[in-house]
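What follows is a single structure, written as structure tokens, with notes after it.
The values are calculated or read from the model by the stated rules, or taken from the named source; none is laboratory data. Just so you know, these numbers come straight off a predicted model, no measurement behind them. Cβ placement follows ideal geometry from the backbone for every residue including glycine, while neighbour counts extend to all protein chains displayed.
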């Protein structure tokens, strides 16, 4: 690894409670590990149905709406933007659920629950193949088991059952 400022090769510097961290002696700069940040959202309507989408015509599994955060954007703004971009719906509000690290691409997926009062999709066909509303009991079986989307929907269903 090399310093992004001066190009010098980084050394390892032992930092208490942090371990060995890449360090540039010349710039006196530590390089802590970084991850990309994206949001993933359960979108529901007033009938408590979940929006699931397909982004790959070859996949039999459905997914949730997700997307990378842009510089200067809040996660909540990202939720609103991605839902509007992918399925053409406006949301009334969104709430944080939890986060999961997606190791395959080193992304922190921040989970939200968003609510809309609209039902008719206006799909961006460059990003989404199709979208549909599913009842809670039907939605979980359409998502790849063990995926972050599966974990979020399972959590949402369990929380919905306990709040009834």
Item to check | From 97, 136, 89, residue being surrounded by 15 or more Cβ atoms within 10 Å (Cβ to Cβ), in contact (Cβ under 8 Å) with a residue 40 or more places away in the chain and closer than 19 Å to residue 37 by Cβ | outcome: 97
Checklist entry - Mind checking which residues of the range 139-154 are exposed (fewer than 15 other Cβ atoms within 10 Å of the Cβ) and out of contact with any helix residue (DSSP H, G or I) (no Cβ under 7 Å at 6 or more places or on another chain)? => result 141, 145, 146
Checklist outcome for this item: Filter the range 77-86 for residues that are surrounded by 21 or more Cβ atoms within 10 Å (Cβ to Cβ) and farther than 11 Å from residue 116 by Cα; the one that is farthest from the chain's Cα centre (by Cα) is 86
Next on the checklist: Step by step: first the residues of the range 48-76, then only those that are in contact with a strand residue (DSSP E or B) (Cβ under 7 Å, 6 or more places away or on another chain) and in a loop (DSSP other than H, G, I, E, B), then the one that is surrounded by the most Cβ atoms within 10 Å (Cβ to Cβ). Which residue is that?
Outcome noted: 64
Next on the checklist: Looking at 119, 102, 112, can you tell me which residue is out of contact with any helix residue (DSSP H, G or I) (no Cβ under 7 Å at 6 or more places or on another chain) and surrounded by 12 or more Cβ atoms within 10 Å (Cβ to Cβ)?
Outcome noted: 119
Next on the checklist: The conditions are (1) at pLDDT 95 or above; (2) surrounded by 14 or more Cβ atoms within 10 Å (Cβ to Cβ); (3) in contact with a helix residue (DSSP H, G or I) (Cβ under 8 Å, 6 or more places away or on another chain), and residue 157 fails exactly one of them. Which is it?
Outcome noted: (1)
Next on the checklist: Which count do you get for residues in the range 36-47 that are assigned to a loop (DSSP other than H, G, I, E, B) and surrounded by 12 or more Cβ atoms within 10 Å (Cβ to Cβ)?
Outcome noted: 1
Checklist entry - In the range 121-134, what count of residues is obtained for those that are at pLDDT 95 or above, touching a strand residue (DSSP E or B) at 6+ places or on another chain (Cβ under 9 Å) and not in a strand (DSSP E or B)? => result 1
Checklist outcome for this item: Pairing a residue in the range 64-80 that is touching a residue at least 60 places away in the same chain (Cβ under 8 Å) and in the same structural domain as residue 44 (by TED's automatic domain parsing) with any residue that is surrounded by 21 or more Cβ atoms within 10 Å (Cβ to Cβ) and assigned to a helix (DSSP H, G or I), where Cβ atoms lie under 6 Å and the two sit 6 or more apart in sequence or on different chains, gives 64/149
Checklist entry - If we scan the range 1-13, do we find a residue that is buried (at least 17 other Cβ atoms within 10 Å of the Cβ) and either in the same structural domain as residue 89 (by TED's automatic domain parsing) or part of a loop (DSSP other than H, G, I, E, B) (or both)? => result yes
Item to check | Checking residue 23 against (1) in a strand (DSSP E or B); (2) under 30 Å from residue 119 (Cα atoms), the condition it does not meet | outcome: (2)
